[in-house]
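Handing you a structure now.
Here, each number is a calculation from the coordinates, and none is a lab measurement. Values in this document were obtained by computation on a predicted structure and should not be read as measured data. Here the Cβ positions follow ideal geometry from the backbone for every residue, glycine too, while neighbour counts run over all protein chains shown.
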Amino acid sequence: MQCAIYKSRKKQDTYLYLATKDDFSHVPESLLKLIGEPVHVMDLELSSERKLAQEDTVEVLQNLQERGWHLQMPRQEEWPSFKSQPKH
């Protein structure tokens, strides 16, 4: 399956996969507002045999087929941990 991959202008390491290049009609408006104007980075031929660095290929394919898009966000364990500091 051919797909198009876009990066977020607002959210670092966040990527939007689309089943059809430049077809954002299936992507929720609230998601598009959150990630900002997407920037096309590449087109990719996906199959269940292909490995992706950050995502489960089968899940990506399923999302593309069912809803036309897939969102890749940074892995939680890569985010810095923030502890609440008491306010004085």
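Over all directions, how big on average is the projection of the convex hull of the alpha-carbon atoms in the stretch 13-64, in square nanometres? Can you show the working numbers first?
Numbers: hull surface 15.7 nm².
Its average projected convex-hull area is 3.9 nm².
Here's another thing I want to ask about it. Applying the Karplus parametrisation 6.51 cos²θ - 1.76 cosθ + 1.60 with θ = phi - 60° to the phi angles of the stretch 25-33, what ³J(HN,Hα) value in whole Hz is obtained for each residue in order, glycine and proline being reported as x?
In residue order, the calculated couplings are 5, 8, 7, x, 4, 5, 5, 4, 5 Hz.
Residue separation times 0.36 nm, minus the C-alpha to C-alpha distance between R9 and E29: what's the value?
Working: separation 20, 0.36 × 20 = 7.20 nm, distance 1.55 nm.
Net length gain for the segment: 5.6 nm.
Can you tally the lysine pairs in the stretch 2-75 where the Cα-Cα distance is under 20 Å and the two residues are eight or more apart, or on different chains? Intermediate results must be reported in sequence, preceding the final value.
On the way: K7/K21; K7/K33; K7/K51; K10/K33; K11/K33; K21/K33.
Lysine pairs meeting both conditions in the stretch 2-75 amount to 6.
Let me ask you something else. Given the chain reduced to its alpha-carbon atoms as identical point scatterers, what log10 I(q)/I(0) does the Debye formula return at q = 0.13, 0.14 Å⁻¹?
Debye intensities relative to I(0), on a log10 scale: -0.46, -0.52.
For the chain, take the longest principal axis of its alpha carbons; what is the angle in degrees between that and the long axis of helix 57-67, to the nearest 10 within 0 to 90?
Relative to the chain, helix 57-67 is tipped by roughly 80 degrees.
Note the full-extension length gain between K21 and R75 as 0.36 nm times their separation in residues minus their Cα-Cα distance, in nm to one decimal. If you can, show how the numbers build up before the last one.
On the way: separation 54, 0.36 × 54 = 19.44 nm, distance 2.51 nm.
Residue separation times 0.36 nm, minus the Cα-Cα distance, leaves 16.9 nm.
Suppose every Lys and Arg Cβ carries +1 and every Asp and Glu Cβ carries -1, with no other charges. What dipole size does the chain come out with about its Cα centre, to the nearest 20 debye? It would help to have the intermediate numbers written out before the result.
On the way: 12 positive and 14 negative charges, 117 e Å.
Rounded to the nearest 20 debye, it is 560 debye.
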